[in-house]
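Written out below as structure tokens is the structure these notes cover.
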Amino acid sequence: MTTDNLKRQTVSAAVWQISNGVVCNIIQLAVTVILARHIMPDQYGIIAIISIFITVAQTLVSSNLSTALIRKDNRTDVDCSTVFYYNIVLSIILYIAFYFIAPVIAGFYEIEELTSALRVLSVGLIIGALSEVQKALYAVNLDFKTTTLLNILSTSVSGVIGVILAVLDFKIWSLIVQSLSYSACNTVMIWCVSKWRPVLKFSNSSLREFFTFGSKLMTSNLIDTTFRQLYSAVIGKLFAPSVLGLYNRAETFVNMTSQVPSDAFSTISYPVLCRVKDDDTTLKNGYRRIMRLSAFIIFPLCLGMCAVADPLVNLLLTDKWAGMAPMLQLLSLSLMWYPVHALNLNLLQVKGRSDLYLRLEIFRKIIIIITLAATMYFGIIAICMGRIFTSVIALFVNSLYTSRISPIKRSEQFYDLLPVLLLSIVMYALTAVTVYLSGDGIVGITAGIATGLIIYIGGAAVFRFTEMTELRNIIKMYF
């Protein structure tokens, strides 16, 4: 494949993957606004507790062998079928395990509803495992248009189902059915459009090959996911379910501006960078462009969310969710660095250094344990502040390891990010002042967003940020 063709495919993938994040976020936000008016924070807290275990299990299924399958150049139908059958068997084992330990988990948190809710929601593990290989193959071909359209349709259908059930006063079950309907709808549609079908063959040698690489990544991702859910596990045990519900919704809102677009860039960059992994110059240039562009989009989104948090929560979710605003602000400051973390770790995978990936995850988790232990008895706000500390520490360590195994130096990453960071901070300060002077409600939010857009876009144009040109070129190339 020529450089121009690869670039064109990358641009197309980027547009569709970002569209996936933007459109699905808008739909999810609209659904959340409606659901939050019918469902209390404590019921969201119960779902958040269940999600601790479901999310960890999904990591075992989705990020184990699929990443290794994408990385392999000469994959066969037998390779793909081996991964498919492995995922199915693993998801069934996990479901059986959850079915029997559900009462134990419910007893630990002293919430009787957890037993039936966990048993039903964990069915989604098996449904999701049926489409993992097809999603990996679409990623290999940089065909994010298909998966984006399916995700948007699945999000829309499941959102409508959830809203109808919530209005009919099904309470927590509206959230459970919404989640399962998304998985079922997405899986059925991807089987309808995908040409790949498993063959009746299973290769032990393929399994060993993928597991050699994938097991380290699986362990790393499992550790990362477990420790990300550790906050919810601790908050759910130490505080009332309503506090966890507020924290969970705050994290969800921030993820819309941080993790979702970051994951879009990571999903795109991994197969692209894998194609040029042996060309250090192309790899370095591609990585730095992706990192600058992701920071250019995500930094202002997170800091903008931080600036308008108070009036936004009161307007969209009503006063009963007001306690979520300070958590939203602090988590925005923590998760704005997520794209840099994700891309650094992506580069380690591209270079085949899953051992360093695992080592970094273990180090970061030790920092999380220490920070969480030091803050958890001082309240939920202290816990959120601790997340900012762990994020900054991890940023420096991740970039150090990346600079050792690639031509990308840590100083280059710092200087690439500095202009965007400074402009985003100026935008945040002026937006926050505008919101304060304009007051709560739609007037304050509108004035704040308008100020932020003018300052950020105007500043980027005045100082001739290359990312502005990059975005224009992407749009021109795509259309």
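Roughly speaking, what is the centre-to-centre gap between the stretch 111-188 and the stretch 434-454 when only Cα atoms are used, to the nearest Å?
Spelled out, the Cα-based centre of one part sits 35 Å from the other.
Cα to Cα, under 14 Å, and not fewer than 8 places away if on the same chain: which aspartates and glutamates meet these conditions relative to residue 171?
Cross-link targets: 42, 113.
What does the C-alpha gyration tensor say about the overall shape of the stretch 1-237? Classify as rounded when a/c is under 1.5, otherwise prolate if a/b is larger than b/c, or oblate.
Values: a/c = 2.02, a/b = 1.37, b/c = 1.48.
Here the stretch 1-237 falls in the oblate category.
Pairs of Cα atoms under 8 Å, at least six residues apart: use those to get the relative contact order of the chain, whole percent. Walk me through the numbers on the way to the answer.
Working: 626 pairs, mean separation 93.7, N = 479.
Dividing the mean separation by the residue count of the chain yields 20 percent.
To the nearest 20 Debye, how big is the dipole of the chain about its Cα centre, given +1 on the beta carbon of each Lys and Arg and -1 on that of each Asp and Glu? Each step should come with its number before you reach the end.
Values: 37 positive and 27 negative charges, 234 e Å.
Its charge dipole is roughly 1120 debye.
Could you sort out which of 195/365; 145/351; 145/237; 135/351; 145/277; 145/284 sit more than 30 Å apart by Cα distance in this structure? Don't jump to the answer; show the numbers that get you there.
Values: 195/365 41 Å; 145/351 27 Å; 145/237 41 Å; 135/351 22 Å; 145/277 25 Å; 145/284 27 Å.
Long pairs (Cα-Cα over 30 Å): 195/365; 145/237.
Could you tell me which of 405, 321, 471 has its Cα farthest along the dipole of the stretch 258-479 towards the positive end, charges placed at Cβ (Lys, Arg +1; Asp, Glu -1), taken about the Cα centre?
Highest projection toward the positive end goes to 405.
Putting +1 on Lys and Arg Cβ atoms and -1 on Asp and Glu Cβ atoms, find which of 273, 388, 453 reaches farthest to the positive end of the dipole of the chain.
The listed residue farthest towards the positive side: 273.
Determine the equivalent ellipsoid of the stretch 258-479 by diagonalising the alpha-carbon gyration tensor, then write out the semi-axes as square roots of 5 times the eigenvalues, largest first, rounded to whole Å. Walk me through the numbers before you get to the answer.
Details: eigenvalues 197, 121, 35 Å².
The equivalent ellipsoid of the stretch 258-479 has semi-axes of 31, 25, 13 Å.
Between residue 96 and residue 237, how high is the FRET efficiency from 1/(1 + (r/R0)^6) when r is the Cβ-Cβ distance and R₀ = 22 Å? Nearest 0.05.
Details: r = 25 Å, r/R0 = 1.16.
The computed FRET efficiency comes out at 0.30.
Taking the beta-carbon count within 10 Å as an exposure proxy, list 385, 256 from fewest neighbours to most. It would help to have the intermediate numbers written out before the result.
On the way: 385 16, 256 19.
Ranked by crowding around the Cβ, least crowded first: 385, 256.
Residue 461 to residue 26: FRET efficiency via 1/(1 + (r/R0)^6), r the Cβ-Cβ distance, R0 45 Å, to the nearest 0.05?
Details: r = 26 Å, r/R0 = 0.58.
The pair residue 461/residue 26 has a calculated efficiency of 0.95.
For each of 359, 71, count neighbouring Cβ atoms within 10 Å of the residue's Cβ, then give the residues from fewest to most. Please report the intermediate quantities before stating the final value.
Numbers: 359 16, 71 20.
Fewest to most other Cβ atoms nearby, the residues stand as 359, 71.
At a Cα cut-off below 17 Å, give the aspartates and glutamates reachable from residue 409, other chains included and same-chain residues fewer than 8 away excluded.
Once the sequence-local aspartates and glutamates are set aside, what remains near residue 409 is 279, 280.
As a test of the definition: which semi-axes, in Å, follow for the stretch 386-449 when you take the square root of five times each eigenvalue of its alpha carbon gyration tensor? Largest first, please. Let's see the in-between values first.
Numbers: eigenvalues 255, 38, 12 Å².
Square roots of five times the eigenvalues give 36, 14, 8 Å.
Take the Cα radius of gyration of the stretch 327-423 and divide it by 2.2 N^0.38 Å, with N its residue count; two decimals is plenty.
Details: Rg = 14.5 Å, N = 97, 2.2 N^0.38 = 12.5 Å.
Against the compact-globule rule of thumb, the ratio is 1.16.
Could you size up the charge dipole of the stretch 1-237 around its Cα centre, putting +1 on the beta carbon of Lys and Arg and -1 on that of Asp and Glu, and report it in debye to the nearest 20?
540 debye
Could you work out how much longer the chain between residue 104 and residue 160 gets when fully extended? Use 0.36 nm per residue separation minus the Cα distance between them, nm to one decimal.
On the way: separation 56, 0.36 × 56 = 20.16 nm, distance 3.31 nm.
Stretched fully, the residue 104-residue 160 segment lengthens by 16.9 nm.
Say R0 is 51 Å: what FRET efficiency, to the nearest 0.05, do residue 396 and residue 74 get from their beta-carbon distance?
Working: r = 38 Å, r/R0 = 0.75.
Efficiency at R0 = 51 Å is approximately 0.85.
Say a paramagnetic label sat at a point 7 Å from the Cα of residue 140, along Cα to Cβ; which residues of the stretch 159-200 have their backbone N under 15 Å from it?
194-199
So what is the calculated 222 nm ellipticity per residue for the chain, using -39500 (n - 2.57) for each DSSP H run with n of 4 or more, over all residues, to the nearest 500 deg cm²/dmol? Provide the component values of the computation, followed by the final result.
Working: 21 runs with 407 residues, N = 479.
After summing the helix terms and dividing by residue count, I get -29000 deg cm²/dmol.
Using C-alpha positions alone, give me the convex hull volume of the stretch 257-312 per residue in cubic angstrom. Numbers along the way, then the final one.
Values: hull volume 3.1 nm³, N = 56.
Looking at the stretch 257-312, the number lands at 55 Å³ per residue.
Can you give the percent of C-alpha pairs in the stretch 232-328 whose distance is more than 23 Å? List each step's numbers first, then the result.
Working: 2104 of 4656 pairs.
Looking at the stretch 232-328, the distances longer than 23 Å represent 45 percent of pairs.
How long is the gain from residue 119 to residue 470 if the chain were fully straight, where each residue apart is worth 0.36 nm and the alpha carbon distance is subtracted? If you can, show how the numbers build up before the last one.
Numbers: separation 351, 0.36 × 351 = 126.36 nm, distance 4.75 nm.
Result for the pair: 121.6 nm of gain on full extension.
Tell me, in nm to one decimal, what length is gained between residue 40 and residue 168 on full extension, where the rule is 0.36 nm per residue of separation less the Cα-Cα distance?
Values: separation 128, 0.36 × 128 = 46.08 nm, distance 1.46 nm.
Separation in residues times 0.36 nm, less the Cα-Cα distance, equals 44.6 nm.
Exposure proxy check: 192, 384 ranked by fewest other beta carbons within 10 Å? Could you put the intermediate results ahead of the total?
Values: 192 8, 384 23.
Taking fewest neighbouring Cβ atoms as first place, the list is 192, 384.
Taken together, the values in this text are just the output of simple stated rules run on the coordinates, not laboratory data. Small disclaimer: the values here were computed from a predicted structure and weren't measured. Quick reminder, even Gly has a Cβ in these numbers, built from the backbone with ideal geometry, and neighbours come from all protein chains shown.
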